[in-house]
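Chemist: The structure's right below; bear with me while I get my questions together.
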Amino acid sequence: MVSGLKHIRRRRHSDKGRVLSSVSMCLSQVRLDANYFGQEMASAVENEAKCLMIPCVEQLEENTNPDLPLLFWFCRKNPLHFHFITDSIAQKILSALFHTWMVPAVRVAFYDADELKSEVSWIPNKHYSGIYGLMKLVLTKTLPSDLQKVIVLDTDITFATDIAELWAVFHKFKGQQVLGLVENQSDWYLGNLWKNHRPWPALGRGFNTGVILLLLDRLRKLRWEQMWRLTAERELMGMLSTSLADQDIFNAVIKQNPFLVHQLPCFWNVQLSDHTRSEKCYKDVSDLKVIHWNSPKKLRVKNKHVEFFRNLYLTFLEYDGNLLRRELFGCPSEADHNSENLQKTLMELDEDDPCYEFRRERFTVHRTHLYFLHYEYEPSSDGTDVTLVAQLSMDRLQMLEAICKHWEGPISLALYLSDAEAQQFLRYAQGSEVLMSRGNVGYHIVYKEGQFYPVNLLRNVAMRQVHTPYMFLSDIDFLPMYGLYEYLRKSVVQLDMANTKKALVVPAFETLRYRLSFPKSKAELLSQLDMGTLFTFRYHVWTKGHAPTNFAKWRTATMPYRVQWEPDFEPYVMVRRDSPEYDRRFVGFGWNKVAHIMELDAQEYDFVVLPNAYMIHMPHAPSFDITKFRSNKQYRVCLKTLKEEFQQNMSRRFGFAALKYMTADNNS
């Protein structure tokens, strides 16, 4: 089945904006932000082995809190094969999502949209989808020659039934029928919507191309490429441009060749456009198969049943997507080597080990959706740009606006959320002028699974999406000083970061006050430090974590100074983008940063403290993981075991130079 995914534009309408709406499959919920990619992405899904297929849902921009029964979560019995026509960024995001989702019996193929633009760029198009809205015309040429039939779907649709029912309609095609379409449910092609309205030619009301059944093999024999091109060239001489993108050209072809069409029952494409007559299509909402949100208003469209439709769509968005990882009974599928290797690794773990859950977490594959919201940033050309890296969960969302006000540079954030929380975050972000005004913040959703907070995995996810030469490794509870972004960029040049291995230390302080007059200079900070409004970070509970920073020296320092690594040192640092990642074995609370700083030291990074930089930790309630650490003796025992294993691993990797780590104090 092929699905042409037409975007939902929320902001800009330029070709370069890479705006693409999501495809959320209710049983393989693929979610992409409607702002990020090109204006349309074509995706194909083929039906294999005569098995059943799943409904799909597109992510739109409004959200409510539906409470509908789980109608058909486990109805799928067949493999799915998606063919996506995307730009390079969309491919990166979809590849990561499918790779980490590990949904059984799902295959994915990608085709470069940029290579296809020349095929349709000669067609003037007024539709907001731009050039991407024409790419369904070239599917016979784009998709594999041995692919015989596909279903093409716009992304602004909601399936309310098993898609296998639609696939079965192919058997009803007769004679030279090669296109399965539903009649257009407005008067657009009748030309009577307003005075002087002149639509493209169509057969009667015409047909809507939001849902198309294509017999590719027969279309190729009919020389489809030549057919649509000649028709488009002829009509453009009088029409000058298309208004509804590919739909105008499909209808013009059908007007001349009506034998090509097998008309589908209207319930396979119930269109909620601004001028819809769709309510005449059905007597009850239970009759519907596919709901098509083809109005620019999307979920805000006027319709007497829109609340039901909206809740149906929103329900799927909040379901736990990890449920889709379970195997399909009675559905043979190709072996997935990644899944097999993972299962083999997990079977080698001793389930009787008291630290089994800790060890298992290291190998857990968390479903990951990169660039959940619009992102658009080009690093500066001078080679000094810096990205702030942090991770967070739902209970830290309130820090985002403040951090954005303190740090004007790019930010890469990994958010650990459930599916329902991801939708809550979407609503929160869309309601924030501060967040919506920033295009240089990358939000990467790592979906919840397991009992631990995978802090170092989250850090690594955020680090991998850094596009600047340098990154400032921070935590979400800290506010950087005003101007730190520019100060770090200047330090890059001053300290020759490009040609040396340095970790620039930003001294960390904390306040116990929820309302703080944030110091605008080092002098103000020292004053607040003396008055007891501020303290050096964790001085009262974990002094050695930041003691090597040498705060006494920092008070009067005017030049950067080097400090030596000491056991349990865990400063916040700026490093080059190619620096080591964090060790995934450390989850929850304890030793997650200490191990990383030890790794930097082992790789001979110099720790250099910046004399005019600082960051302040803001107060918050204790995290769930630190509570477990404090109350659960076995948690502490397992953390100690993991620390010892990490130190032994360092000794094997770095030999004699790592002896100092073996003798480091293990109490933390």
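The values are calculated or read from the model by the stated rules, or taken from the named source; none is laboratory data. It should be emphasised that the depicted structure is a prediction, and the values quoted were computed from it without experimental measurement. Note that we place each Cβ from the backbone using ideal geometry, even for glycine, and neighbour counts take in every protein chain shown. The area values use the complete protein model at the heavy-atom level, side chains included, leaving out ligands, DNA and RNA. Shrake-Rupley method; radii C 1.70, N 1.55, O 1.52, S 1.80 Å.
Chemist: Once the whole set of protein chains is in place, how much accessible area is left on Glu524, using a 1.4 Å probe, in Å² to the nearest 10?
Modeler: 80 Å²
Chemist: Note down the nm distance, to one decimal, between modelled labels 7 Å out along Cα→Cβ at Phe363 and at Asp287.
Modeler: 5.4 nm
Chemist: Using 19 Å as the cut-off for backbone N distance, which residues of the range 584-617 belong to the label zone defined by a point 7 Å from the Cα of Thr558 along Cα→Cβ?
Modeler: From the range 584-617, the list is 609-614.
Chemist: How large is log10 I(q)/I(0) at q = 0.18, 0.27 Å⁻¹ when the Debye formula is applied to the Cα atoms of the range 118-165, each weighted equally and without solvent?
Modeler: -0.76, -1.07
Chemist: Would you mind checking the radius of gyration and Dmax of the range 215-301 based on alpha-carbon positions, in Å?
Modeler: Computed over the Cα atoms of the range 215-301, radius of gyration and Dmax are 16.0, 45 Å.
Chemist: Just flag the trypsin sites (Lys or Arg not before Pro) in the range 202-237 sitting in loop per DSSP whose Cβ has no more than 15 other Cβ atoms within 10 Å. Walk me through the numbers on the way to the answer.
Modeler: Details: sites: Arg205, Arg218, Arg220, Lys221, Arg223, Arg229, Arg234; in loops: Arg205, Arg223.
Sites meeting the loop and neighbour criteria: Arg223.
Chemist: Report the label-to-label distance for Phe518 and Ser88 in nanometres (one decimal), using points 7 Å from each Cα along the Cα→Cβ vector.
Modeler: 3.5 nm
Chemist: For Phe607, list long-range residues whose amide hydrogen, built 1.01 Å from N in the peptide plane, is under 5 Å from its own amide hydrogen.
Modeler: Excluding prolines and chain starts, which carry no amide H, the hits are Ala503, Val563.
Chemist: How long, wide and thick is the range 489-537, going by the Cα atoms along their three principal axes, in whole angstroms, largest first?
Modeler: Projected onto the principal axes, the Cα atoms of the range 489-537 cover 41, 18, 18 Å.
Chemist: Could you work out the equivalent-ellipsoid semi-axes for the range 293-427, taking the square root of 5 times each eigenvalue of the Cα gyration tensor, largest first, in whole Å? List each step's numbers first, then the result.
Modeler: Numbers: eigenvalues 219, 170, 53 Å².
Semi-axes from the Cα gyration tensor: 33, 29, 16 Å.
Chemist: Which loop-located trypsin sites (Lys or Arg not before Pro) does the range 137-200 contain, where loop means any DSSP state but H, G, I, E or B and the Cβ has at most 14 other Cβ atoms within 10 Å? Don't jump to the answer; show the numbers that get you there.
Modeler: Details: sites: Lys141, Lys149, Lys172, Lys174, Lys195; in loops: Lys174, Lys195.
Of the trypsin sites (Lys or Arg not before Pro), the ones in loops of the range 137-200 whose Cβ has at most 14 other Cβ atoms within 10 Å are Lys174, Lys195.
Chemist: Rounded to the nearest 500, what is the 222 nm mean residue ellipticity of the chain from helices alone, with -39500 (n - 2.57) per DSSP H run of 4+ residues and division by all residues?
Modeler: Details: 21 runs with 195 residues, N = 668.
Taken over the chain, the calculation gives -8500 deg cm²/dmol.
Chemist: At a 1.4 Å probe radius, which order do Asp248, Asp162 fall into by accessible area, largest first?
Modeler: Asp162, Asp248
Chemist: Something else: Using the Karplus equation 6.51 cos²θ - 1.76 cosθ + 1.60 (θ = phi - 60°), what ³J(HN,Hα) coupling, rounded to whole Hz, does each residue of the range 481-490 give in order, writing x for Gly and Pro?
Modeler: Along the range 481-490, the couplings run 4, 4, x, 4, 4, 5, 4, 5, 5, 5 Hz.
Chemist: If you don't mind, there's one more thing I want to ask. Would you work out which of Thr364, Met239, Val301 lies farthest towards the positive end of the dipole of the range 238-386? Charges go on Cβ: Lys and Arg +1, Asp and Glu -1.
Modeler: About the Cα centre, the residue reaching furthest to the positive side is Met239.
Chemist: To continue, here is another question. Obtain the nm distance between the two label points defined at Asp320 and Tyr428 by a simple spin-label model: each point lies 7 Å from its Cα along the Cα-to-C-beta direction.
Modeler: Each label point lies 7 Å from its Cα, and together they span 2.1 nm.
Chemist: Same structure, new question: Starting from the alpha-carbon convex hull of the range 143-247, give the projected area averaged over all orientations, in nm².
Modeler: Details: hull surface 33.0 nm².
Projected over every direction and averaged, the Cα hull of the range 143-247 covers 8.3 nm².
Chemist: Rounded to two decimals, what is the ratio between the C-alpha radius of gyration of the range 451-569 and 2.2 N^0.38 Å?
Modeler: Values: Rg = 15.8 Å, N = 119, 2.2 N^0.38 = 13.5 Å.
Normalised Rg, Cα atoms only: 1.17.
Chemist: Then there's this: Exactly which chymotrypsin sites (Phe, Trp or Tyr not before Pro) in the range 508-590 are in a DSSP loop and have at most 12 other Cβ atoms within 10 Å? Please report the intermediate quantities before stating the final value.
Modeler: Details: sites: Phe509, Tyr514, Phe535, Phe537, Tyr539, Trp542, Phe551, Trp554, Tyr561, Trp565, Phe569, Tyr572, Tyr582, Phe586, Phe589; in loops: Tyr514, Phe537, Tyr539, Trp542, Trp565, Phe569, Tyr582, Phe586, Phe589.
When the chymotrypsin sites (Phe, Trp or Tyr not before Pro) of the range 508-590 are filtered for loop state and at most 12 Cβ neighbours within 10 Å, Tyr514 remain.
Chemist: I've got another one for you. Nearest 5 percent is fine: what portion of the DSSP beta bridges confined to the chain is antiparallel? Show your work: numbers first, answer last.
Modeler: Values: 45 of 82 bridges.
Within the chain, antiparallel bridges account for around 55 percent of the total.
Chemist: So, one more: How much of the accessible area of the chain, in percent, comes from carbon and sulfur atoms when a 1.4 Å probe is used? Please list the in-between numbers first.
Modeler: On the way: 13840 of 27300 Å².
Carbon with sulfur: 51 percent of the solvent-accessible area.
Chemist: Treating only the Cα positions of the chain as identical point scatterers, give the base-10 log of I(q)/I(0) from the Debye formula at each q in 0.08 Å⁻¹.
Modeler: Taking Cα atoms of the chain as identical point scatterers yields -0.68.
Chemist: Could you derive backbone 3J(HN,Hα) for the range 174-179 from the dihedral phi with the Karplus parameters 6.51, -1.76 and 1.60 (θ = phi - 60°), listing whole Hz in sequence and x where the residue is Gly or Pro?
Modeler: 10, x, 9, 5, 10, 10
Chemist: In whole angstrom, how far apart do the alpha carbon centroids of the range 163-183 and the range 246-322 sit?
Modeler: Using only Cα atoms to place each centre, the spacing works out to 17 Å.
Chemist: Subtract the Cα-Cα distance of Asn338 and Gln634 from 0.36 nm times their separation in residues, and report this length gain in nm to one decimal. It would help to have the intermediate numbers written out before the result.
Modeler: Values: separation 296, 0.36 × 296 = 106.56 nm, distance 3.17 nm.
In short, 103.4 nm is gained.
Chemist: In the range 555-654, if every C-alpha pair distance is counted and binned at 10 Å from zero, what percent goes to each bin?
Modeler: All Cα pairs, binned at 10 Å, distribute as 12, 37, 33, 17, 1 percent.
Chemist: Still on this model: List the residues whose amide H sits under 5 Å from the amide H of Arg107, counting only those 5 or more places along or on another chain, with H placed 1.01 Å from N in the peptide plane.
Modeler: Placed amide hydrogens put Leu80, His81, Phe82 under 5 Å from Arg107.
Chemist: What figure, in Å² to the nearest 10, do you get for the accessible area of His369 with a 1.4 Å probe and non-protein molecules left out?
Modeler: 0 Å²
Chemist: Order Thr387, Thr556 by their accessible area, 1.4 angstrom probe, all chains in place, largest first.
Modeler: Per-residue accessible area, sorted high to low, gives Thr556, Thr387.
Chemist: Mind listing the long-range amide H neighbours of Gln391? Cut-off is under 5 Å, sequence gap 5 or more, other chains count too, H placed in the peptide plane at 1.01 Å from N.
Modeler: Ala414, Ile476
Chemist: Return the whole-Å distance between the Cα centroid of the range 529-572 and the Cα centroid of the range 85-110.
Modeler: 45 Å
Chemist: Could you give the distance between the Cα centres of the range 404-468 and the range 573-617, to the whole Å?
Modeler: 20 Å
Chemist: Give a residue-ordered list of calculated ³J(HN,Hα) values for the range 526-543 (Karplus: 6.51 cos²θ - 1.76 cosθ + 1.60, θ = phi - 60°; whole Hz; x for Gly, Pro).
Modeler: Per-residue couplings from phi come out as 4, 5, 5, 5, 5, 7, x, 6, 10, 9, 5, 4, 6, 4, 8, 10, 8, 4 Hz.
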